[in-house]
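A.B. asks: I am attaching a structure below and will ask some questions about it afterwards.
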Amino acid sequence: MPSDPDFERLLEYIKANRGFDFTGYKRPSLQRRVRKQMAAVGVHSYGEYQEYLRAQPDEFAALFDTILINVTSFFRDPPAWEFVRREIVPQIVESAEGRDVRIWSTGCASGEEAYTLAMVLADAMPSDLGERVKIYATDVDERALSEGRHATYAPAQVEKVPTDLREQHFDRVDGRFVVKPELRRAVIFGRHDVVQDPPISRIDLLTSRNTLMYFTAEAQTRILANFHFALREGGFLLLGKSEMMLSRANLFTAVDLRRRVFQKAARGERFRFVPRLAPEPSQEVHDADSLLRDVAFEASPLAQLVIDRGGRLTLANMHARALFRLASRDVGRPLKDLELSYRPVELRSLIDRAYAERHSVTVRGTEWLEPTGEERVVDVQVTPLVAPTGEFTGVSVSFFDIARSKRLQAAVEVSKREVEVAYEALQSSNEELETTNEELQSTNEELETTNEELQSTNEELETMNEELQSTNEELETMNDELNQRTHELNRTNLFLEGILSAVDAGVVVVDRELRVIAWNDGAHELWGLRGDEVAGQHLLNVDIGFPVERLRAPLRAALAGEPPAEPVVVEATSRRGRQVLVRVRLAPLHAEGDTDGARGAILFMEAEPA
């Protein structure tokens, strides 16, 4: 399905202005959610909606609430949690002897899944939960994270929590359930985008329940690669029931496919160490040696920067200044004020990661276009600098230009393909066998494609199911509010009917069109007509023994909001045929917020013998 250019521009606008990158999301479900919000504000095209966002910045919050479907619950899919509790957690606890247990719940929404993990770990490590267990609960929705931090849930939300665990880990406060402090302290909430942000490391168990299904296949591949990096050797991954990993089978092995539990596959990654600066000699360094070091740093063929612990650009050699167009005044400025901090790569997050992990961090194959149009490809290495005292003094950032090696690699690939073509020409005698092999390969690819399509369809159906579930919850909330308002309205109507029934005089209420909206028992006793007989009729057309035309002018004054005038005294004939003098007092009927006159008028009718 071809992409809509206007929709892609809208996604880029959202990413540039609010930092939310939705470009990796599947287009059908994403467009469906955006169109829902567009309909809510009365906008019909993506271009118009982009202008609406520019004019109404508060609309971003409503849009994100619509896109980010926070469907979650405690112990969602109980068989999977029972398997984790019985089979996976004991292995984690055994392997973590003497160290912390680190758990990561991505797409945690309002925190139910993170607290489910905490309850499972508390059962396995009752005395060590607060000391050795760290559960990182992350999401891109700040409002959902705020709900998780408050750790307060309605009774309906904790129904799936077993009774014994509910009594053990929750307190009842004002009709709601609050997670107890010892469990709450084990969970750390934070904003994290699984597409853009670097992963948390050294994780024993990573849960991502029905999160991947919202992303395209390319985005899923990148996310799973990050998950593989985040897990310890032998760490476990728990996915949602609608998610598979057909395209990344080399990164994980299935532990229990039916319950979507996987384990990290070893890839022989090398350990990396934090380089330390050599202790300075006690004797004074000669000026010539200092000059030699400065010249060597300046003439280095690599673009190099040094950033101090306070985040300021301290040194930049000649190659770096030329490559990134740095002026002499830029040296000494905070890194965050320079374009270099985010282009060609987000340096600040890499620096934080290097400090946190205490070793060099490398990002390979970063591409970007210079203003001249020249394409650059570099590997970026961030190395923490450690003083003899063991304290960090800053970081060194090196940029390795690999554009030439990539071109050489491409040339090698071309040569390789040429050799393969020549080889195939020499193997003409095996054409029949190769044709059969190709047919089998084609059939296998078709089966794999069909399998992928079925998986994609399943994920799309699950996405729509979660959207419907979210909409159903919204409708149930609205229905409860409407029932409450109806109850209040009925109670108010009964109250008003009681008041009107207690008044001996005849009371009639009309709207601005002079249609009868209330007619009490006193009016029935006076004129012989019941309220249901006159409701909705024009007052001046009601056939009673009262010359209602005499009330036209006073009614106009009351509807204009003028204060009550002198009563109108009129001779009339009661329902019993007697002549009576009727004293009519009129008052305007106001409601809060009325600015252009009254909403109606109230007539009080008192009769006495003529």
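A.B. asks: Restricting the search to the range 227-240, which residues are crowded, with 16+ Cβ neighbours inside 10 Å and either within 23 Å of the chain's Cα centre (by Cα) or in a strand (DSSP E or B) (or both)?
C.D. replies: Matches in the range 227-240: Phe227, Ala230, Leu231, Arg232, Gly235, Phe236, Leu237, Leu238, Leu239, Gly240.
A.B. asks: Within the range 20-42, is there a residue that is polar (S, T, N, Q), in a loop (DSSP other than H, G, I, E, B), out of contact with any strand residue (DSSP E or B) (no Cβ under 6 Å at 6 or more places or on another chain) and closer than 19 Å to Gln220 by Cα? Outline the logic, then answer.
C.D. replies: Here is the first cut: in the range 20-42, the ones polar (S, T, N, Q) are 23, 29, 31, 37.
Narrowing the set further to residues that are in a loop (DSSP other than H, G, I, E, B) leaves 23.
Add one more test, that the residue is out of contact with any strand residue (DSSP E or B) (no Cβ under 6 Å at 6 or more places or on another chain), and what stays is 23.
This time we only want the ones that are closer than 19 Å to Gln220 by Cα, so: 23.
Among the residues of the range 20-42, at least one is polar (S, T, N, Q), in a loop (DSSP other than H, G, I, E, B), out of contact with any strand residue (DSSP E or B) (no Cβ under 6 Å at 6 or more places or on another chain) and closer than 19 Å to Gln220 by Cα, which makes the answer yes.
A.B. asks: Look through the range 198-218, keep the residues that are over 21 Å from Ala265 (Cα atoms) and assigned to a loop (DSSP other than H, G, I, E, B), and return whichever of them is farthest from the chain's Cα centre (by Cα).
C.D. replies: At the first step, the residues of the range 198-218 found to be over 21 Å from Ala265 (Cα atoms) are 210-211, 213-216.
Imposing the further condition that a residue be assigned to a loop (DSSP other than H, G, I, E, B) reduces the set to 210-211, 216.
Details: Asn210: 14, Thr211: 11, Thr216: 17 Å.
So the residue we want is Thr216.
A.B. asks: Which residue is nearest to the chain's Cα centre (by Cα), if the candidates are limited to the range 310-331 and must be surrounded by 15 or more Cβ atoms within 10 Å (Cβ to Cβ) and charged (D, E, K, R)?
C.D. replies: Arg312
A.B. asks: Another question about this same structure. Test each condition in (1) modelled with pLDDT under 80; (2) of a type in the set (D, E, K, R); (3) surrounded by 13 or more Cβ atoms within 10 Å (Cβ to Cβ) for Arg585 and report the one that comes out false.
C.D. replies: (1)
A.B. asks: Is one or more of the residues making up the range 535-546 loosely packed, with under 12 Cβ neighbours inside 10 Å and not acidic (Asp, Glu)?
C.D. replies: Yes.
A.B. asks: Being within 24 Å of Leu68 (Cα to Cα) and modelled with pLDDT under 90 narrows it down to one of Ala144, Ala114, Ala151, so name that one. Full working, then the answer.
C.D. replies: Numbers: Ala114 fails: modelled with pLDDT under 90; Ala151 fails: modelled with pLDDT under 90.
Unique residue meeting the criteria: Ala144.
A.B. asks: Could you please find all residues in the range 340-378 being of a type outside the set (Gly, Ala, Ser), at pLDDT below 85 and part of a helix (DSSP H, G or I)?
C.D. replies: Leu340 - this is the single residue of the range 340-378 that is of a type outside the set (Gly, Ala, Ser), at pLDDT below 85 and part of a helix (DSSP H, G or I).
A.B. asks: If you don't mind, another one. Scan Ser456, Ser442, Ser429, Ser470 and give me the residue that is among the hydroxyl-bearing types (Ser, Thr, Tyr), more than 30 Å from Ala523 (Cα to Cα) and modelled with pLDDT of 75 or more. If you could, list the steps in order and put the result at the bottom.
C.D. replies: Numbers: Ser456 fails: modelled with pLDDT of 75 or more; Ser442 fails: modelled with pLDDT of 75 or more; Ser429 fails: modelled with pLDDT of 75 or more.
Step by step, each of Ser456, Ser442, Ser429, Ser470 is checked, and only Ser470 is among the hydroxyl-bearing types (Ser, Thr, Tyr), more than 30 Å from Ala523 (Cα to Cα) and modelled with pLDDT of 75 or more.
A.B. asks: Which condition breaks for Val516 when tested against (1) over 24 Å from Glu497 (Cα atoms); (2) modelled with pLDDT of 85 or more?
C.D. replies: Of everything listed in (1) over 24 Å from Glu497 (Cα atoms); (2) modelled with pLDDT of 85 or more, Val516 misses just condition (1).
A.B. asks: Would you mind stating whether Val584 is of a type in the set (Val, Ile, Thr) and within 16 Å of Asp504 (Cα to Cα)? Spell out the reasoning first.
C.D. replies: Values: of a type in the set (Val, Ile, Thr): yes; within 16 Å of Asp504 (Cα to Cα): yes.
In short, yes.
A.B. asks: I would also like to ask the following. As an exercise: evaluate Glu497 against (1) assigned to a loop (DSSP other than H, G, I, E, B); (2) surrounded by fewer than 17 Cβ atoms within 10 Å (Cβ to Cβ) and give the number of the one condition it does not meet.
C.D. replies: Going through the list (1) assigned to a loop (DSSP other than H, G, I, E, B); (2) surrounded by fewer than 17 Cβ atoms within 10 Å (Cβ to Cβ), Glu497 breaks only (1).
Okay, residues lined up against (1) more than 20 Å from Asn317 (Cβ to Cβ); (2) not hydrophobic (A, V, I, L, M, F, W, C):
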| position | (1), (2) |
| --- | --- |
| Leu340 | no, no |
| Val345 | no, no |
| Arg353 | yes, yes |
| His359 | yes, yes |
| Thr362 | no, yes |
| Glu370 | no, yes |
| Val382 | no, no |
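A.B. asks: Which of the following residues is touching a residue at least 24 places away in the same chain (Cβ under 8 Å), β-branched (Val, Ile, Thr) and within 13 Å of Val179 (Cβ to Cβ): Val120, Val84, Val161?
C.D. replies: On the way: Val120 fails: within 13 Å of Val179 (Cβ to Cβ); Val84 fails: within 13 Å of Val179 (Cβ to Cβ).
Being touching a residue at least 24 places away in the same chain (Cβ under 8 Å), β-branched (Val, Ile, Thr) and within 13 Å of Val179 (Cβ to Cβ) holds for just one of Val120, Val84, Val161, which is Val161.
A.B. asks: Go through the residues of the range 243-262 one by one and say whether even a single one is of a type in the set (A, V, I, L, M, F, W, C), under 20 Å from Ile203 (Cα atoms), surrounded by fewer than 17 Cβ atoms within 10 Å (Cβ to Cβ) and modelled with pLDDT under 65.
C.D. replies: Residues of the range 243-262 that are of a type in the set (A, V, I, L, M, F, W, C), as a first pass: 244-246, 249, 251-252, 254-255, 257, 261-262.
Pick out the ones that are also under 20 Å from Ile203 (Cα atoms) and you get 245, 249, 251-252, 254-255, 261-262.
The next check asks that each one be surrounded by fewer than 17 Cβ atoms within 10 Å (Cβ to Cβ); those that pass are 249, 254.
Going one step further and asking which of them are modelled with pLDDT under 65, we end up with 249.
Yes, that holds for at least one residue.
A.B. asks: Please indicate, with yes or no, whether at least one residue in the range 379-388 is farther than 22 Å from Gly310 by Cβ, surrounded by 13 or more Cβ atoms within 10 Å (Cβ to Cβ) and at pLDDT 75 or above. Before the answer, list the steps.
C.D. replies: Pass one, the range 379-388, residues farther than 22 Å from Gly310 by Cβ: 379.
From the residues that got through so far, the ones that are surrounded by 13 or more Cβ atoms within 10 Å (Cβ to Cβ) too are 379.
From the residues that got through so far, the ones that are at pLDDT 75 or above too are 379.
So far as the range 379-388 goes, yes, one or more of its residues are farther than 22 Å from Gly310 by Cβ, surrounded by 13 or more Cβ atoms within 10 Å (Cβ to Cβ) and at pLDDT 75 or above.
A.B. asks: Taking the condition of being surrounded by 21 or more Cβ atoms within 10 Å (Cβ to Cβ) and either out of contact with any Leu (no Cβ under 6 Å at 6 or more places or on another chain) or among the aromatic types (Phe, Trp, Tyr) (or both), how many residues in the range 93-104 meet it? Talk me through it step by step, then tell me what you get.
C.D. replies: Going residue by residue through the range 93-104, those that are surrounded by 21 or more Cβ atoms within 10 Å (Cβ to Cβ) are 101-104.
In the following step, the residues that additionally are either out of contact with any Leu (no Cβ under 6 Å at 6 or more places or on another chain) or among the aromatic types (Phe, Trp, Tyr) (or both) were identified as 101-102, 104.
So the answer is 3.
A.B. asks: Now, a different point. I'd like the full set of residues that are modelled with pLDDT under 80 and more than 13 Å from Arg512 (Cα to Cα), limited to the range 588-610. Spell out the reasoning first.
C.D. replies: As a first pass, look at the range 588-610 and keep what is modelled with pLDDT under 80: 590-598, 609-610.
Glu592, Gly593, Thr595, Pro609, Ala610 - these are the residues of the range 588-610 that are modelled with pLDDT under 80 and more than 13 Å from Arg512 (Cα to Cα).
A.B. asks: Moving on. Quick one: would you say Ser349 is of a type in the set (S, T, N, Q), out of contact with any strand residue (DSSP E or B) (no Cβ under 6 Å at 6 or more places or on another chain) and either touching a residue at least 24 places away in the same chain (Cβ under 8 Å) or assigned by TED's automatic domain parsing to the domain that holds Ala296 (or both)? Even if it seems obvious, please write down each step before you answer.
C.D. replies: On the way: of a type in the set (S, T, N, Q): yes; out of contact with any strand residue (DSSP E or B) (no Cβ under 6 Å at 6 or more places or on another chain): yes; either touching a residue at least 24 places away in the same chain (Cβ under 8 Å) or assigned by TED's automatic domain parsing to the domain that holds Ala296 (or both): yes.
So Ser349 passes the test.
The values are calculated or read from the model by the stated rules, or taken from the named source; none is laboratory data. Quantities reported herein were computed from a predicted structural model and do not represent experimental measurements. Backbone-built Cβ (ideal geometry, glycine too); neighbour counts: all protein chains shown.
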